[in-house]
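Let me begin by presenting the structure, written as structure tokens, before commenting on it.
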């Protein structure tokens, strides 16, 4: 059996989970079998996805293949970014300080807080009336 020729990373953000593979290539990014330009039409989301590759100057070195599920568009783009970061660290451990300085290594653990009994949302209480 041949040695695997890709680097793997899992990224998470809110309820989105991205499984990322970095393969040697020209810099194509494929998400769920679709080019990322079609999957993420907004420039902001594309920039979030590309950030780890741009920070480490490895934009043209790897093809990125991603399976992403759960969450919304912003959560998914954040999860993909985190997954790419993890895969880049597996590819080259020396990139970790650069990625950490850009704030890409740490997982953003903010998730929606659960609704509490007696409240309208997690913290919003019904309007107070004296009588």
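The values are calculated or read from the model by the stated rules, or taken from the named source; none is laboratory data. All figures in this text were calculated on a predicted structure; none of them were measured in a lab. Here the Cβ positions follow ideal geometry from the backbone for every residue, glycine too, while neighbour counts run over all protein chains shown.
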Subject >> Elements of type strands (runs of 3 or more DSSP E) contained in the range 1-113, each with 3 or more residues being touching a helix residue (DSSP H, G or I) at 6+ places or on another chain (Cβ under 9 Å) and without any contact (Cβ under 8 Å) to a residue 60 or more places away in the chain >> reply: 29-31, 62-69
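The rows are residues; the columns are (1) under 30 Å from residue 114 (Cα atoms); (2) within 14 Å of the chain's Cα centre (by Cα).
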site	(1), (2)
7	no, no
10	yes, yes
16	yes, yes
23	no, no
26	no, no
33	no, no
36	no, yes
41	no, no
Subject >> Looking only at the range 24-49, and only at residues there that are in contact with a strand residue (DSSP E or B) (Cβ under 8 Å, 6 or more places away or on another chain) and surrounded by 15 or more Cβ atoms within 10 Å (Cβ to Cβ), the one that is nearest to residue 85 (Cα to Cα) >> reply: 49
**OP:** Return yes or no: is residue 75 farther than 14 Å from residue 20 by Cβ, crowded, with 16+ Cβ neighbours inside 10 Å and in contact with a strand residue (DSSP E or B) (Cβ under 7 Å, 6 or more places away or on another chain)?
**Re:** yes
**OP:** Go through the range 104-131 residue by residue and tally those that are surrounded by 10 or more Cβ atoms within 10 Å (Cβ to Cβ) and under 30 Å from residue 88 (Cα atoms).
**Re:** 6
Original post:
How many residues, within the range 56-82, are modelled with pLDDT of 95 or more and more than 17 Å from residue 39 (Cα to Cα)?
Top reply: 1
